[in-house]
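See below for the structure under consideration.
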Amino acid sequence: MSGDVIVRATDVVKHFPVQSSSLRRGREVVHAVDTVSLEVRRGETVGLVGETGCGKSTLARCLARLLDLTSGRVEFDGHDITKLKPRDLGKVRREMQMIFQDPYGSLNPKRRVGSIIGDPFAVHNVASGQDRRRQVQELMELVGLNPEHYNRFPAEFSGGQRQRIGVARALALKPKVVICDEPVSALDVSIQAQVLNLLADLQQHLNLTYIFIAHDLSVVRHVSDRVMLMYLGKIVEGGPSEEVYQRARHPYSNALLSAIPLPDPRAAQERPRIVLVGDVPSPIDPPRACRFHPRCPKAQGRCVEEEPVLEPRLGDPTTHVAACHFPVAEGEDLTMARPTLSEEERIVEPTMVATPGESGEKELP
């Protein structure tokens, strides 16, 4: 039901201006996020997956309003927060928190752990003195840390323990939504499982909603109710996790799934591996129409001329959508697919961005 939606993004665009060289007139931009729409329902975990640089972390920061949008709309708990001024974002900041990727870089090494976890109480003027210390120690115990280590420095903790400190800090103000920005990618595999289990227990105990960002599809499958796959600033496929993992329709999704490590060496050797050709195009000059067509094993002329709509394919339920003109049928072997595009058609032609005054375009903020 629409009333269960706690975060809604509508046609979100985020471009970053870059300095053009003297040989090129006009102002170039990085198309980090381009016309992305999604909904996150209360109490669920939505996974955002894609290669490094696809825009998933930028999208998350737009949802949390840590970045201003170039265009589009973001709603949180029924309220439009797109153009809120920094002084009016305090309530949103309390109810939407982030856990960052690097447990080493996200903690100030010169400050004690109790002070780091207690920062949200100080910033929002919620608790002070002994009351703050008591609440911080309760948070430490909640995430599996010894409350007696309140006065230790981050360097005295392991990587997994440091990430628990980050989790405690994010939970300090009892948020409704927690954005987990690759929270386990910097940890050993055994420690990853502990942190993931902790996040699952906290979600059940505190009724949290997670937006979980990762590039490891096996991790996302384990934690997510729904998954969205991004490529070059756009969502190319999305739906319930098991539905997408069992019947992925987009060739990019299938390529990513074929790269998931299998515990059985024999099965891993026998499984067909989809190897994508070429490099990821520049986000400054993304391909027109379907952005994946220069690397797609099924690309045809239509892919160069017409951008595919994100919609159900091949009789899938309305909850499972993909942006592909030629979706992958169940059982289809993409290693045997032969694109009809020539090498010249696959080359991404650079585009010029006109300066204000040349074409009447306005400068990006």
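The values are calculated or read from the model by the stated rules, or taken from the named source; none is laboratory data. As the structure is a computational prediction, the values presented were derived from the model and not from experiment. Because the Cβ atoms are built from the backbone with ideal geometry, glycine has one as well, and the counts that use them run over all protein chains shown.
Tell me which residues, restricted to the stretch 72-94, are surrounded by 15 or more Cβ atoms within 10 Å (Cβ to Cβ) and on the phi < 0 side of the Ramachandran plot.
Answer for the stretch 72-94, where residues must be surrounded by 15 or more Cβ atoms within 10 Å (Cβ to Cβ) and on the phi < 0 side of the Ramachandran plot: Arg73, Val74, Glu75, Phe76, Ile81, Thr82, Leu84, Leu89, Val92, Arg93, Arg94.
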*Within the stretch 88-121, which residues are under 25 Å from Gln192 (Cα atoms) and touching a strand residue (DSSP E or B) at 6+ places or on another chain (Cβ under 9 Å)?*
Met96, Gln97, Met98, Ile99, Phe100, Gln101, Ser106
*Long-range neighbours under 7 Å by Cβ, at least six apart or interchain, first residue within 22 Å of Cys62 (Cα to Cα) within the stretch 14-27, second modelled with pLDDT of 75 or more and not in a strand (DSSP E or B)*: Lys14/Thr58; Lys14/Cys62; Lys14/Leu67; Lys14/Leu69; Lys14/Thr70; His15/Thr70; Pro17/Arg27; Val18/Ile284
*Looking only at the stretch 104-143, which residues are surrounded by fewer than 14 Cβ atoms within 10 Å (Cβ to Cβ) and either assigned to a helix (DSSP H, G or I) or not assigned by TED's automatic domain parsing to the domain that holds Asp77 (or both)?*
Ala122, Val123, Gly129, Gln130, Asp131, Arg134, Glu138, Glu141
*Does Arg291 fit the bill of being part of a loop (DSSP other than H, G, I, E, B) and either in contact with a Pro (Cβ under 9 Å, 6 or more places away or on another chain) or buried (at least 16 other Cβ atoms within 10 Å of the Cβ) (or both)?*
yes
_Residue within the stretch 98-115 that is hydrophobic (A, V, I, L, M, F, W, C) and touching a His at 6+ places or on another chain (Cβ under 8 Å) present_ = yes
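Could you pull out the residue among Ala337, Ala299, Ala329 that is over 17 Å from Leu229 (Cβ atoms), at pLDDT 65 or above and touching a Lys or Arg at 6+ places or on another chain (Cβ under 7 Å)? Explain how you work it out, then say what you get.
On the way: Ala299 fails: touching a Lys or Arg at 6+ places or on another chain (Cβ under 7 Å); Ala329 fails: touching a Lys or Arg at 6+ places or on another chain (Cβ under 7 Å).
Checking each option against the conditions leaves just Ala337.
Name the residues in the stretch 144-158 that are in a helix (DSSP H, G or I) and surrounded by 16 or more Cβ atoms within 10 Å (Cβ to Cβ), would you?
Residues satisfying the conditions are His149, Pro154.
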*Wholly within the stretch 31-103, which strands (runs of 3 or more DSSP E) include no fewer than the required count, namely at least 2 residues that are among the charged types (D, E, K, R) and out of contact with any helix residue (DSSP H, G or I) (no Cβ under 7 Å at 6 or more places or on another chain)?*
71-76
*If we only count helices (runs of 4 or more DSSP H) wholly inside the stretch 170-271, which ones have 1 or more residues that are surrounded by fewer than 18 Cβ atoms within 10 Å (Cβ to Cβ), at pLDDT below 90 and in the same structural domain as Glu39 (by TED's automatic domain parsing)?*
189-206, 217-223
